[in-house]
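**Q** The structure under discussion is supplied below as C-alpha cells; questions concerning it will follow.
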Amino acid sequence: MKSRWFRAIAIALALSLIVTLGLSCGGGSGANTIVIGLATDLTGPASTFLVTGERALYDSVNYVNEHNPLAGGELKVVAYDTRYDPSRDIPAYEWLKERGAAFIYSGIPTFGDTVRTRADREHYCVVSSAPTEYQLIPPGYVFGLTPPVSWVMKGFLAWISEEHWDYETQGRKPKIGAVGWDEPYQIDVTNAIEGYVAAHPDEFEFVDGLITPMGNMSWYGEVETLKGCDYIYIPSTGLGTATFAKQYRDAGYTATFLGLDAMSAFLELLVEKAGWDYLDGSLTAHTTLYWNDDFPIVDKAKEFLSLYHSGQEEEIMSGGVGYISIFFCAQFVMDLVRRAIEDVGVDNFDSQAFYDTAVDFTWNQEGLPERGYGFSDTVRWARKDLTVYEWQAEAQDMVRISGWIPADVP
C-alpha cells in the first residue's frame, strides 16, 4: 500500500516540475486554445488529495479535446503550485492571468478569499471548489462549485439531530466537539458547529472546538478534553485526521467521528493508519455521489479511469472521493465552457463570456438533486444539497444512508 503514496509523491514532483518549467497539460497553444488556470497544491499538506483528485480535471480536458471537441477550439490546463501557502495566492493569480487563463479554478480554501476583491475589480472569473461565505456573498466574480463548508456542516448537524441521534433512548442531548489544525477549512467548520449549537441549544451540547498548529500529530490533551463527546468533527487534513482517530480510539473512547469531503478524500490513508475497526460508524457529508452509487454520471467517472488510468482503477477508487469529487466539478465546468462557446463563439470566449453564461446556467444529471447544480444572478454556489455516508467496517466502504438534504443557507 505504501507504493501508492510513493506514486502520489512522484506525481506531485512531476507536476511541480511542469509548473516550474512553465509548461502545461491538455491542448496546444494555438490562437483558439482556451487556457484554464489551476491554482493548486502540488507539494504542501493538501497535495495528497489534490494531486490525485485533479487528475480528473486533466482527464476531462483531454476527453473534450480527443472525443468531444469544442467548436473551433481546444482546452489546456496551466497550473501553479501555491503549496497551500496563502502568501502565494496573489502570485498564482497574476502568473496564471499572464499565461492567458480565461478563468482560474482552485480547490485551495484561501484562494478565493485572497483574490476576491481583485477578481471583482478586474471582472475576472475564479471558480472555487472550496469556497467560504465571504467569496460568494454578495455575488461577484468568484463562483463556488459547492456551498461553503460551514453551510454543509450546519445542514449535516440538522440531519444528525433529526435522523441519527435517538433522544428518547439516550434521555439527553448529545455532546459534540471539534479538533483540527489552524487552517481556514477547519476553522470555518468549528465556528459553524459552535454557531449551530448556540442557535439550537436543545439539540446539542458543545464541549469544545480545539485548534492546534499546522502539522501537529500529538493529540493527548485534545483526546482527553473531548473524551466524553458523542460526536467529534475530527481534523480535516490527511495525517492529522489519521493520527487523531488512532489516538482517540487507542484511549478507549467511542465518539462517532464526523467529517466532510475532506475526510473522505483521505480514506485510504485513514484505513492504513487507523484501520476500519476504528473508523466504523463514522459519518461524512458529501455534495456529490460516490463510487458505489449506481448512476450514469458515476459510470462515466469509472469510464475515465479505464480510459486514462488503466490498471489503476481500484487504487484510485479505494483512495476515497478525491478523483470523483473533482470529476463532478470538472464535468460541470466543461459543460459551462461549452455552453459559453456556443453562445459567443470560440474567438470571443473570455472571462466575461464565462461570467455571462454562468449566471444563467443549470446542470442536471440523474442521481443528483432535482434542482441540479447551477448559478443565477444572485446565487454563486452551484451545489445546494448534501448526502450522508456511513463508514462501515463490515463492508469496508462508505455506504450512503440518506437522501439529498438542503445545506444550511443563510
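The values are calculated or read from the model by the stated rules, or taken from the named source; none is laboratory data. Since this is a predicted model, take the numbers as computed values, not measurements. Positions of Cβ are generated from backbone atoms using ideal geometry, with glycine treated the same way; all protein chains shown enter the neighbour counts. All accessible areas refer to the heavy atoms of the entire protein, side chains included, with ligands and DNA or RNA removed. Shrake-Rupley method; radii C 1.70, N 1.55, O 1.52, S 1.80 Å.
**Q** Would you confirm, using the coordinates I've provided, whether ASP335 is surrounded by fewer than 17 Cβ atoms within 10 Å (Cβ to Cβ), touching a strand residue (DSSP E or B) at 6+ places or on another chain (Cβ under 8 Å) and not aromatic (Phe, Trp, Tyr)?
**A** Numbers: surrounded by fewer than 17 Cβ atoms within 10 Å (Cβ to Cβ): yes; touching a strand residue (DSSP E or B) at 6+ places or on another chain (Cβ under 8 Å): yes; not aromatic (Phe, Trp, Tyr): yes.
Against the criterion (surrounded by fewer than 17 Cβ atoms within 10 Å (Cβ to Cβ), touching a strand residue (DSSP E or B) at 6+ places or on another chain (Cβ under 8 Å) and not aromatic (Phe, Trp, Tyr)), ASP335 qualifies.
**Q** Condition (residue is outside any helix (DSSP H, G or I), under 25 Å from TYR84 (Cα atoms) and open to solvent by 70 Å² or more (accessible area, probe 1.4 Å)) applied to segment 176-190: is it met by at least one residue? Walk me through how you get there before you give the answer.
**A** We begin by selecting, within segment 176-190, every residue outside any helix (DSSP H, G or I); these are 176-183.
Still in the list and also under 25 Å from TYR84 (Cα atoms): 178-183.
Okay, now just the ones that are also open to solvent by 70 Å² or more (accessible area, probe 1.4 Å), so 182.
For segment 176-190, residues outside any helix (DSSP H, G or I), under 25 Å from TYR84 (Cα atoms) and open to solvent by 70 Å² or more (accessible area, probe 1.4 Å): present.
**Q** Quick one: how many residues across segment 218-245 are open to solvent by 70 Å² or more (accessible area, probe 1.4 Å) and over 21 Å from the mean Cα position of the chain (by Cα)? Before you say what the answer is, go through the steps one by one.
**A** Residues of segment 218-245 that are open to solvent by 70 Å² or more (accessible area, probe 1.4 Å), as a first pass: 218, 220, 227, 239.
Checking the rest, the ones that are also over 21 Å from the mean Cα position of the chain (by Cα) come to 218, 220, 227.
Selection size over segment 218-245: 3.
**Q** Let me ask something else. List every residue pair whose Cβ atoms sit under 6 Å apart, with the two residues 6 or more apart in sequence or on different chains, where the first one lies in segment 146-166 and is more than 12 Å from ASP408 (Cβ to Cβ) and the second, anywhere, is among the basic types (Lys, Arg) and surrounded by 17 or more Cβ atoms within 10 Å (Cβ to Cβ).
**A** Final answer for the pair search is THR146/ARG383.
**Q** Take segment 397-410 and flag every residue that is of a type outside the set (Val, Ile, Thr), surrounded by fewer than 20 Cβ atoms within 10 Å (Cβ to Cβ) and not in a loop (DSSP other than H, G, I, E, B).
**A** Residues satisfying the conditions are ASP397, ARG400, PRO406.
**Q** I'm checking my understanding of the structure. Among residues of segment 246-271 that are touching a Lys or Arg at 6+ places or on another chain (Cβ under 8 Å) and surrounded by fewer than 19 Cβ atoms within 10 Å (Cβ to Cβ), which one is farthest from VAL321 (Cα to Cα)?
**A** The selected residue is ALA251.
**Q** Another one. Does ASP261 meet the test of being in contact with a His (Cβ under 8 Å, 6 or more places away or on another chain), modelled with pLDDT under 95 and under 21 Å from THR387 (Cα atoms)? Walk me through it before giving the result.
**A** Numbers: in contact with a His (Cβ under 8 Å, 6 or more places away or on another chain): yes; modelled with pLDDT under 95: yes; under 21 Å from THR387 (Cα atoms): yes.
For ASP261, the condition - in contact with a His (Cβ under 8 Å, 6 or more places away or on another chain), modelled with pLDDT under 95 and under 21 Å from THR387 (Cα atoms) - is met.
**Q** What number of residues in segment 257-285 are within 16 Å of ALA130 (Cα to Cα), assigned to a strand (DSSP E or B) and of a type in the set (A, V, I, L, M, F, W, C)?
**A** Residues flagged as within 16 Å of ALA130 (Cα to Cα), assigned to a strand (DSSP E or B) and of a type in the set (A, V, I, L, M, F, W, C) within segment 257-285 amount to 1.
**Q** Taking the residues in segment 344-396 that are β-branched (Val, Ile, Thr) and either in a helix (DSSP H, G or I) or in contact with a Gly (Cβ under 8 Å, 6 or more places away or on another chain) (or both) as candidates, determine which candidate is farthest from CYS125 (Cα to Cα).
**A** As a first pass, look at segment 344-396 and keep what is β-branched (Val, Ile, Thr): 344, 346, 357, 359, 362, 378-379, 387-388.
After this cut, where a residue has to be either in a helix (DSSP H, G or I) or in contact with a Gly (Cβ under 8 Å, 6 or more places away or on another chain) (or both) as well, the list is 344, 346, 357, 362, 387.
Values: VAL344: 17, VAL346: 17, THR357: 12, THR362: 17, THR387: 28 Å.
Looking at the filtered set, the residue picked out is THR387.
**Q** Moving to a separate point now. Find the strands (runs of 3 or more DSSP E) located wholly in segment 68-140 whose residues include 1 or more that are open to solvent by 60 Å² or more (accessible area, probe 1.4 Å), and list them. Show your work before the answer.
**A** Numbers: elements: 74-81, 101-106, 126-128.
Ranges flagged: 74-81.
**Q** Tally up the residues in segment 252-278 that are within 17 Å of THR48 (Cα to Cα) and β-branched (Val, Ile, Thr), please.
**A** The total comes to 1.
**Q** Where residues in segment 299-332 are part of a loop (DSSP other than H, G, I, E, B) and open to solvent by 10 Å² or more (accessible area, probe 1.4 Å), which of them is nearest to VAL61 (Cα to Cα)?
**A** Taking segment 299-332 as the starting set, the residues that turn out to be part of a loop (DSSP other than H, G, I, E, B) are 309-312, 319-321.
Among the residues that remain, those that are also open to solvent by 10 Å² or more (accessible area, probe 1.4 Å) are: 309-312, 319.
On the way: HIS309: 15, SER310: 18, GLY311: 21, GLN312: 20, GLY319: 22 Å.
Step by step, filter segment 299-332, then rank; the result is HIS309.
**Q** Moving on to the next point. ILE90 fails exactly one of the following numbered conditions: (1) within 28 Å of ASP343 (Cα to Cα); (2) in contact with a helix residue (DSSP H, G or I) (Cβ under 8 Å, 6 or more places away or on another chain); (3) without any contact (Cβ under 8 Å) to a residue 60 or more places away in the chain. What is the number of that condition?
**A** Unmet for ILE90, out of (1) within 28 Å of ASP343 (Cα to Cα); (2) in contact with a helix residue (DSSP H, G or I) (Cβ under 8 Å, 6 or more places away or on another chain); (3) without any contact (Cβ under 8 Å) to a residue 60 or more places away in the chain: (1).
**Q** Give me the pairs: first residue in segment 294-317 and under 19 Å from VAL64 (Cβ atoms), second residue in a helix (DSSP H, G or I) and among the β-branched types (Val, Ile, Thr), beta-carbon distance under 7 Å, and six or more apart or on different chains, which are they?
**A** Partner pairs satisfying both residue conditions: ALA301/ILE324; LEU305/ILE316; HIS309/ILE316.
**Q** Condition first: among the aliphatic types (A, V, I, L, M), surrounded by 17 or more Cβ atoms within 10 Å (Cβ to Cβ) and outside any helix (DSSP H, G or I). Can you find one or more residues in segment 145-157 that meet it? Reasoning before the result, please.
**A** Initial filter on segment 145-157 (among the aliphatic types (A, V, I, L, M)): 145, 149, 152-153, 157.
From the residues that got through so far, the ones that are surrounded by 17 or more Cβ atoms within 10 Å (Cβ to Cβ) too are 145, 149, 152-153, 157.
From the residues that got through so far, the ones that are outside any helix (DSSP H, G or I) too are 145.
Yes.
**Q** Okay, next question. How many of the residues making up segment 192-205 are over 26 Å from the mean Cα position of the chain (by Cα) and either in contact (Cβ under 8 Å) with a residue 24 or more places away in the chain or in a loop (DSSP other than H, G, I, E, B) (or both)? Walk me through it before giving the result.
**A** Step one: filter segment 192-205 for residues over 26 Å from the mean Cα position of the chain (by Cα), giving 198-205.
Applying the additional criterion that residues be either in contact (Cβ under 8 Å) with a residue 24 or more places away in the chain or in a loop (DSSP other than H, G, I, E, B) (or both) yields 200-205.
Matching residues across segment 192-205 total 6.
Condition check ((1) polar (S, T, N, Q); (2) in contact (Cβ under 8 Å) with a residue 60 or more places away in the chain; (3) over 23 Å from ALA101 (Cβ atoms); (4) open to solvent by 20 Å² or more (accessible area, probe 1.4 Å)) across all residues:
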| site | (1), (2), (3), (4) |
| --- | --- |
| SER351 | yes, yes, no, no |
| PHE354 | no, yes, no, no |
| PHE361 | no, no, no, no |
| PRO369 | no, no, yes, no |
| GLY372 | no, no, yes, no |
| ASP385 | no, yes, yes, no |
| VAL388 | no, yes, yes, no |
| GLN392 | yes, yes, yes, yes |
